[in-house]
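Here, each number is a calculation from the coordinates, and none is a lab measurement. Everything numeric here is computed off the predicted structure, so don't read it as measured data. Every residue, glycine as well, gets a Cβ built from its backbone with ideal geometry; the counts of neighbours run over all protein chains shown.
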Amino acid sequence: MSTIVTSAGVLGRAIRDARRGAGLSQSDLAARVGLSQVGVSRIERAAERAPLATVLSLLAVLDLELSLHRRPVEDPPSPWES
């Protein structure tokens with residue numbers, strides 16, 4: 001699974017999809033990271049800001065990792081191209 005996360009909503013959906021793929025309920029995932037089921041639901045729906053440590057814990061339980069890459073910058077158009 002490879003997802004470019006550009007918003008809390010995209011991250012929440014990626015966490016939800018990974019949780020479901022692992023066969024875990026929200027309650028199962030919550031118990032493994034010390035959250036409530038409601039807390040997991042809110043993160044998955046991007047209804048609540050989650051501390052980075054919490055997000056990293058969720059990712060670890062789901063065997064996911066955070067990787068940062070510089071966004072590609074489009075080259076300005078060349079004056080020689082039409």
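Assorted remarks:
- When the chain is described by a simple charge dipole with +1 on each Lys and Arg Cβ and -1 on each Asp and Glu Cβ, the residue from VAL33, ILE15, ALA60 located farthest towards its positive end is VAL33.
- Loop-located trypsin sites (Lys or Arg not before Pro) across the chain with a Cβ neighbour count of 13 or fewer within 10 Å are ARG45, ARG49, ARG70, with loop assigned by DSSP.
- Only the Cβ atoms of Lys and Arg (+1) and of Asp and Glu (-1) were treated as charged; on that basis the dipole of the chain about its Cα centre amounts to roughly 400 debye.
- Convex hull volume per residue, computed on the Cα atoms of the chain, equals 120 Å³.
- Between 0 and 90°, nearest 10: helix 8-21 axis offset from the chain longest Cα axis: 50 degrees
- Degrees separating the helix 52-61 axis from the principal Cα axis of the chain, which is the longest one: 70 degrees
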